[in-house]
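Participant: Pasting a structure below so you can have a look.
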Amino acid sequence: MKRLGVNIDHIATIRQARKTNEPDPISAIGMIELAGADSIVMHLREDRRHTQDRDLEMARKIIKTKLNLEMAPTQEMIKIALDIKPDTVTLVPERREELTTEGGLEVALNLESFKKYTRLFHDADITVSLFIDPDIDQVKSAHRAGADLVELSTARYSESKTRQEQETNIQQIINAVTTAEKLKLGIAVGHGLTYINVEPITRIDPVAEYNIGHSIIARAVFTGIGHAVMEMKEKINQR
Ligand code: PXP
């Protein structure tokens, strides 16, 4: 069974649009888990544009599956993560101006820093995932850094404009997956995946985990969060 991680940041995005107390991402967690999600993903950003510290603290207390905290490896976030103790941290690059995470980490050129981060989290019993572009050198570097898994960015794949471009991007993901598998790294994918474009990715067998946010929350506006999660869980396991 392929695992589905549901990113709930966009529930907080709607709440923060009015700086009020609804919708509360915390109220959604039980429903998302009941519908078949294997983990809840939250990204605490430096500018707190969606998820707030309070959300993370409450989520940690009520999540029955796993909490995957996406975060930039800054001093502030590392301190928060060591305090909250999520099951997994997914390290991501972060730029204030971006609408959403753009591109993967540069692990290869910052190997010593990433070795330090993974050691720090492993000492606290936290699994470490590195969000990288589907690039063989980055996969090898993530392995050298001691990561448990890699989350391969599907951003470029999901932005493909033509069939040819899509094929090229899928091939890059397959090449990165093959390398990660040889190195015995866990393999997740995420970013820009939708009910429409996820199917070709589900044919890449070693991909064990899908982390999806925007498309699920967008569909939930019409169908309810339970249906939206169930449908995506079925889609990633349809083969
Ligand atoms: N994985 C990572 C590392 C991300 O940064 C994001 C976006 O927060 C996602 C997955 C989910 O992407 P989307 O919202 O496009 O499904």
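The values are calculated or read from the model by the stated rules, or taken from the named source; none is laboratory data. As the structure is a prediction and not an experimental result, all values here were calculated from the model. Please note: Cβ atoms are built from the backbone with ideal geometry, for glycine as well, and neighbour counts cover all protein chains shown.
Participant: Would you confirm, using the coordinates I've provided, whether ILE216 is within 18 Å of the chain's Cα centre (by Cα), buried (at least 16 other Cβ atoms within 10 Å of the Cβ) and assigned to a helix (DSSP H, G or I)? Show your work before the answer.
Facilitator: Values: within 18 Å of the chain's Cα centre (by Cα): yes; buried (at least 16 other Cβ atoms within 10 Å of the Cβ): yes; assigned to a helix (DSSP H, G or I): yes.
Taking the combined requirement at face value, the residue satisfies it.
Participant: Still on this model: Scan the range 35-43 and give yes if some residue there is touching a residue at least 24 places away in the same chain (Cβ under 8 Å), part of a loop (DSSP other than H, G, I, E, B), of a type outside the set (A, V, I, L, M) and in contact with a helix residue (DSSP H, G or I) (Cβ under 6 Å, 6 or more places away or on another chain), otherwise no.
Facilitator: yes
Participant: Could you list all residues from the range 171-189 that are assigned to a helix (DSSP H, G or I) and not polar (S, T, N, Q)?
Facilitator: Keep residues of the range 171-189 that are assigned to a helix (DSSP H, G or I), which gives 171-182.
Across the range 171-189, the qualifying residues are ILE173, ILE174, ALA176, VAL177, ALA180, GLU181, LYS182.
Participant: Got a sec? Which of ILE173, ILE216, ILE196 is in contact (Cβ under 8 Å) with a residue 40 or more places away in the chain and within 15 Å of the ligand (Cβ to nearest atom)?
Facilitator: Working: ILE173 fails: in contact (Cβ under 8 Å) with a residue 40 or more places away in the chain; ILE196 fails: in contact (Cβ under 8 Å) with a residue 40 or more places away in the chain.
Selected residue: ILE216, the only one of ILE173, ILE216, ILE196 that is in contact (Cβ under 8 Å) with a residue 40 or more places away in the chain and within 15 Å of the ligand (Cβ to nearest atom).
Participant: Show the residue pairs that are 6+ apart or on different chains and have beta-carbon atoms under 7 Å apart, the first residue being within the range 60-85 and in contact (Cβ under 8 Å) with a residue 12 or more places away in the chain, the second being part of a helix (DSSP H, G or I) and basic (Lys, Arg).
Facilitator: LEU67/ARG60; ILE84/ARG60
Participant: Continuing with this model, one more query. Considering only helices (runs of 4 or more DSSP H) fully contained in the range 55-147, which possess at least 1 residues that are over 22 Å from LEU4 (Cα atoms), touching a helix residue (DSSP H, G or I) at 6+ places or on another chain (Cβ under 7 Å) and of a type in the set (Ser, Thr, Tyr)?
Facilitator: 111-123, 136-145
Participant: Okay, moving on. For the subset of the range 12-31 comprising residues that are within 16 Å of LEU69 (Cβ to Cβ) and within 16 Å of the ligand (Cβ to nearest atom), which member is surrounded by the most Cβ atoms within 10 Å (Cβ to Cβ)? Even if it seems obvious, please write down each step before you answer.
Facilitator: Just the residues of the range 12-31 that are within 16 Å of LEU69 (Cβ to Cβ), to begin with: 12, 25-26, 29.
Right, trim to within 16 Å of the ligand (Cβ to nearest atom) and you get 12, 25.
Working: ALA12: 23, PRO25: 25.
By that ranking, first place goes to PRO25.
Participant: Right, another one. Taking the range 44-58 as the region of interest, how many residues are touching a residue at least 40 places away in the same chain (Cβ under 8 Å), surrounded by 15 or more Cβ atoms within 10 Å (Cβ to Cβ) and away from the ligand (no atom under 12 Å from the Cβ)?
Facilitator: Going residue by residue through the range 44-58, those that are touching a residue at least 40 places away in the same chain (Cβ under 8 Å) are 45-47, 50-52, 55.
When the remaining residues are screened for being surrounded by 15 or more Cβ atoms within 10 Å (Cβ to Cβ), the result is 45, 50-52, 55.
Restricting the remaining residues to those that are away from the ligand (no atom under 12 Å from the Cβ) gives 52, 55.
Total satisfying the criteria: 2.
Participant: Failed condition for TYR157, given (1) surrounded by fewer than 16 Cβ atoms within 10 Å (Cβ to Cβ); (2) within 14 Å of the ligand (Cβ to nearest atom), with all others met?
Facilitator: Condition (1) is where TYR157 drops out.
Participant: Any residue in the range 108-116 that is surrounded by fewer than 15 Cβ atoms within 10 Å (Cβ to Cβ), more than 23 Å from LEU183 (Cα to Cα) and without any contact (Cβ under 8 Å) to a residue 12 or more places away in the chain?
Facilitator: Looking through the range 108-116, none of the residues is surrounded by fewer than 15 Cβ atoms within 10 Å (Cβ to Cβ), more than 23 Å from LEU183 (Cα to Cα) and without any contact (Cβ under 8 Å) to a residue 12 or more places away in the chain.
Participant: A further question on this structure: Suppose the filter is within 22 Å of ASP137 (Cβ to Cβ), in a helix (DSSP H, G or I), within 16 Å of the ligand (Cβ to nearest atom) and not acidic (Asp, Glu); does ILE201 pass it?
Facilitator: On the way: within 22 Å of ASP137 (Cβ to Cβ): yes; in a helix (DSSP H, G or I): yes; within 16 Å of the ligand (Cβ to nearest atom): yes; not acidic (Asp, Glu): yes.
Spelling it out, ILE201 is indeed within 22 Å of ASP137 (Cβ to Cβ), in a helix (DSSP H, G or I), within 16 Å of the ligand (Cβ to nearest atom) and not acidic (Asp, Glu).
Participant: What about ASN197, is it over 30 Å from ILE217 (Cβ atoms) and modelled with pLDDT of 95 or more?
Facilitator: So ASN197 does not fit the description; no.
Participant: On to the next question. ILE26 - would you say it is at pLDDT 95 or above, over 15 Å from VAL229 (Cβ atoms) and touching a strand residue (DSSP E or B) at 6+ places or on another chain (Cβ under 9 Å)?
Facilitator: Taking the combined requirement at face value, the residue does not satisfy it.
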